[in-house]
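*Asks:* First the structure, which I've put down as structure tokens, then a few questions once you've had a look.
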Amino acid sequence: MRSPQFSSFVILIVLLVVFAVADGNFLSPLNISNMMAFLPELGIIALGMTLLLTAGEFDLSVGAVFGLAPVVVMLLVQNAGVDIGVALLAGLLLCIAIGAINGVIVTKIGISSFLVTLSMLLIVRGAALYITQGFPLKSWDQPGFFVTLLAGSFNVGAFRFYTSLWWFIGLSLFAVYVLRYAKLGNWISAIGSNRNAAVARGVPADAVKVWLFILTSVLAGLAGMISAFRISAASPVAGTGYELEVIAMVVVGGTALTGGRGTILGTIVGALMLRAIRNGIVLVGVPGLAYNIFVGVIILAMLILHALLQKSAARSW
Amino acid sequence: MQEVLRLQNLQKSFGSVRALKNASLTLREGEVVALLGDNGAGKSTLIKAISGVFPIDRGDIYVRGEKVSIRTTREAMDLGIETIHQDTSLAPDLSIARNLFLGREPVNLKWLGVFAPLDLAKLRDAASALLKRVGISKKLDADALVSTLSGGERQSIAISRAMQFAAKVIILDEPTNNLGVEETHGVLRFVKEMRAAGHSVLLITHNIHHVFEVADRIIVMRRGEIVAEQTVADTDLLSVESLITGADLSALMKRAQ
């Protein structure tokens, strides 16, 4: 009951009730469909970030990768006449390369992930701006396999959902499985909890971290493409600030910023919560520009709650 | 007694610092050898070399008479050498059961590699059985997080893990540091049990009293070299202290009298 994901869940319910009471449209099919369209895009990145944070590292370059990946894909298609499938593959390889560079510098040279991925954020965002000369590109919008795969939509009663929701659900199940039930999850938690202990037991800590950097980068690129396909535009500034929003989702859910303790369920709750706040605050009439004040206050309140719960748990032992 | 581990002329330098110069020692089956020395004497370098934290520059390592090379912690473990470092052996955010099997998790569907599901039932049962065998099951639940345990309980878990995997050689690095009196006695009792069970123990400690309580032999290091090797029965506290510091304390004492 005292677990952080449970307290986050309770707060989420409270928020939902408050917004629903304050504005009758909050729980309308249209609004829920709206929230569910945005949710997977940040949520997918948050899944990778949860695993990475649990292993004791984080990635500030995800927002920039979110912007760069679709831009590169569209440039290849529109300017170089490359087939869309091949272009998507090239985008994927680019994300793998960015993640691998992050991971190798962090683990082999031993620079903190904060500094490495902050630099990577600038490099990747700068690259996106330079190759587009700052102009957004029209995205691929011809119906076909890839559009259906990434941004297809379907109706359930009055609700309209995107295929990205399936991606989010599928990847969430996979992440829950890995972190809680697989051998790899045991390693990830152990590395974040006490890297030396894990290494002393023969766990390949550096390799695991490099793969998690790659995974996070790939998920950020995937989310970027889903977003670009959905709105039929690839902007070089897309995803600006997402890195902090994603990290907020993860820590609000109860994953420790210092590593060792991660929860995918908590991250899903955190993603829902930040999405609901962003949406609900606008509905209840808070000026859009004041949005960040509320988000900041709620995140801070959640973190204080987690800290207090942990303290009281420690005392009861 | 049969020889289990033999080190011959091990050398290791870090830049211009020669941390280990020609260190040689032999560890036999079922004996507890204490490795003593002041800070910077080379004890840590020696045990890190044996446990695979870093490779040695020169020299030979023999396990049961066979020459081996140890380049990683994994290789050391596979040769039956388990090291319990001070404070760094367990992951506090993991349960006791998960810590006991860290790096050697029992899994189903082994072909899935790192994605293979943990055999949670087996993990729990084996952990409970182990805790019972080492006599701490009454207090500890296999699912309890290590962060909720006391220092002595953590050392007991780390030691029992080493015993469980039938390690030939168990290296204990300052096992009684930061422990209370009761807990210290518990750990020393463990050391005796390990010897009784046929394990060989290399004990690194600053506390010479503990050495006299559990060790069979004493090896003293100074400035990267092994300067003395004696059986506990043939020596006393004062002469061991003299060997560690390099000053002849017993002569000083006599002169003072």
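*Asks:* Taking only the range B:156-197 into account, find how many residues are within 20 Å of B:ALA142 (Cα to Cα) and without any contact (Cβ under 8 Å) to a residue 40 or more places away in the chain.
*Replies:* Residues meeting the conditions: 5.
*Asks:* A follow-up question, please. Using the structure shown, decide if A:GLY221 is in a loop (DSSP other than H, G, I, E, B), of a type outside the set (A, V, I, L, M) and open to solvent by less than 10 Å² (accessible area, probe 1.4 Å).
*Replies:* No, not satisfied.
*Asks:* Here's a follow-up. From the list A:LEU274, A:LEU212, pick out the single residue that is of a type outside the set (Ser, Thr, Tyr) and either closer than 30 Å to B:ILE171 by Cα or within 14 Å of chain B (Cβ to nearest Cβ) (or both).
*Replies:* A:LEU212
*Asks:* Take the residues in the range A:237-261 that are within 14 Å of chain B (Cβ to nearest Cβ) and open to solvent by 30 Å² or more (accessible area, probe 1.4 Å), then tell me which one is nearest to A:GLY224 (Cα to Cα).
*Replies:* A:LEU257
*Asks:* Would you check which residues across the range B:68-106 are more than 7 Å from every other protein chain (Cβ to nearest Cβ), farther than 18 Å from B:LEU46 by Cα and part of a helix (DSSP H, G or I) and list them?
*Replies:* Selection gives B:ASP78, B:ILE96, B:ALA97, B:ASN99, B:LEU100.
Residue by residue, here is whether (1) at pLDDT 85 or above; (2) surrounded by 14 or more Cβ atoms within 10 Å (Cβ to Cβ); (3) closer than 20 Å to B:ARG28 by Cα holds:
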| residue | (1), (2), (3) |
| --- | --- |
| B:GLY186 | no, yes, no |
| B:LYS192 | yes, no, yes |
| B:SER200 | yes, yes, yes |
| B:THR205 | yes, yes, yes |
| B:ALA215 | yes, yes, yes |
| B:LEU237 | no, no, no |
| B:SER242 | no, yes, no |
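*Asks:* Can you confirm whether A:ALA128 is touching a Pro at 6+ places or on another chain (Cβ under 9 Å), part of a helix (DSSP H, G or I) and either β-branched (Val, Ile, Thr) or closer than 22 Å to A:ILE226 by Cα (or both)?
*Replies:* yes
*Asks:* Can B:THR26 be described as open to solvent by 10 Å² or more (accessible area, probe 1.4 Å), touching a helix residue (DSSP H, G or I) at 6+ places or on another chain (Cβ under 9 Å) and either away from chain A (no Cβ under 14 Å) or at pLDDT below 90 (or both)?
*Replies:* no
*Asks:* What is the residue count in the range A:149-192 for residues that are surrounded by 13 or more Cβ atoms within 10 Å (Cβ to Cβ), of a type in the set (S, T, N, Q) and more than 14 Å from chain B (Cβ to nearest Cβ)?
*Replies:* Qualifying residue count, the range A:149-192: 4.
*Asks:* Given the conditions (1) open to solvent by 20 Å² or more (accessible area, probe 1.4 Å); (2) of a type in the set (Gly, Ala, Ser); (3) outside any loop (DSSP other than H, G, I, E, B), which single one is not true for A:GLY91?
*Replies:* It fails just one condition, (1).
*Asks:* Then there's this: Select from the range A:200-209 the residues that are in contact with a helix residue (DSSP H, G or I) (Cβ under 6 Å, 6 or more places away or on another chain) and assigned to a helix (DSSP H, G or I) and write down the one among them that is nearest to the other protein chains (Cβ to nearest Cβ).
*Replies:* Among residues in the range A:200-209 that are in contact with a helix residue (DSSP H, G or I) (Cβ under 6 Å, 6 or more places away or on another chain) and assigned to a helix (DSSP H, G or I), the one nearest to the other protein chains (Cβ to nearest Cβ) is A:ALA200.
*Asks:* When you scan the range A:231-265, how many residues do you find that are under 19 Å from A:LEU300 (Cβ atoms) and in contact with a Pro (Cβ under 6 Å, 6 or more places away or on another chain)?
*Replies:* Going through the range A:231-265 one residue at a time, the tally reaches 1.
*Asks:* Exactly one condition in (1) more than 13 Å from chain A (Cβ to nearest Cβ); (2) open to solvent by 10 Å² or more (accessible area, probe 1.4 Å) is not met by B:VAL169; state its number.
*Replies:* For B:VAL169, the failing item is (2).
*Asks:* I'm trying to understand the selection: among the residues of the range B:32-48, which are within 14 Å of chain A (Cβ to nearest Cβ) and either crowded, with 23+ Cβ neighbours inside 10 Å or of a type in the set (A, V, I, L, M) (or both)?
*Replies:* Passing the criteria: only B:ILE47.
The values are calculated or read from the model by the stated rules, or taken from the named source; none is laboratory data. Because the structure is a prediction, the values reported are computed rather than measured. Cβ sites come from the backbone with ideal geometry, for glycine too, and all protein chains shown count toward neighbours. Only protein heavy atoms, including side chains, enter the accessible area calculation; ligands, DNA and RNA are left aside. Shrake-Rupley method; radii C 1.70, N 1.55, O 1.52, S 1.80 Å.
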